[in-house]
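The structure appears right after this line, and notes come after that.
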Amino acid sequence: MQKLPNKLNRRTNKDDKEGEGDGDTQSSEETTTDNGTSSGNAKSFRAPEPELVSEKTFTGTAPERLIFIGDIHGCAEEFGKLLETVNFKQGSDQVILVGDLVAKGPDSLGVVNKARSIKAWGVRGNHDDRVVRWGQFLQGPAKGMSESDLKALEDAGELPYSDFELS
């Protein structure tokens, strides 16, 4: 099995404040250097905290309606039908997505593309966050690893988050 390179944003439980965090406790005693690297394993990887964005303000005329939608979970067809049902008008209405655009359903990418095309605003839900963290892990420390290497990490309980699954 390929070892993970010593890369980005690694930390130990000692870095987490007691009672906080994402529930992924670890017993690792590794140390983190000043440049954020360590000699640990995949479990020591932590994706960067999401950046907070400044508040959104309407430019020009305020929208006629604010339409709040949550928990789409990758159901692009249903998302489109919902927009039709509420008679969404591009340019007049503003859609605000309140989390969980992706996962579970058959077309997460379709949901993201639709949200972009209608210029929806949104907040990241827990399922969205998992997809972002997976992407950062796969493009960072796990870059170039084969699926069998990743499966071996999963089988050994060495993936960085307990909610990461390959199956």
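Bear in mind these aren't lab numbers, they're just calculated from the coordinates by the rules spelled out. For clarity, every value in this text was computed on a predicted model and none was experimentally measured. Because the Cβ atoms are built from the backbone with ideal geometry, glycine has one as well, and the counts that use them run over all protein chains shown.
Numbers below:
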{"read-out": "For the range 57-158: Kirkwood Rh in Å [reciprocal of mean 1/r, alpha carbons]", "value": "15.4"}
{"read-out": "Sites matching trypsin sites (Lys or Arg not before Pro) across the range 104-167 that sit in DSSP coil, with at most 10 neighbouring C-beta atoms within 10 Å", "value": "119"}
{"read-out": "Placed amide H near residue 122: partners under 5 Å, 5+ positions off or other chain", "value": "97"}
{"read-out": "Paramagnetic label zone (point 7 Å from Cα along Cα-to-C-beta, residue 78; backbone N under 14 Å) in the range 136-167", "value": "none"}
{"read-out": "Spacing of the two label points (7 Å from each Cα toward its C-beta) at residue 146 and residue 56, in nm", "value": "4.4"}
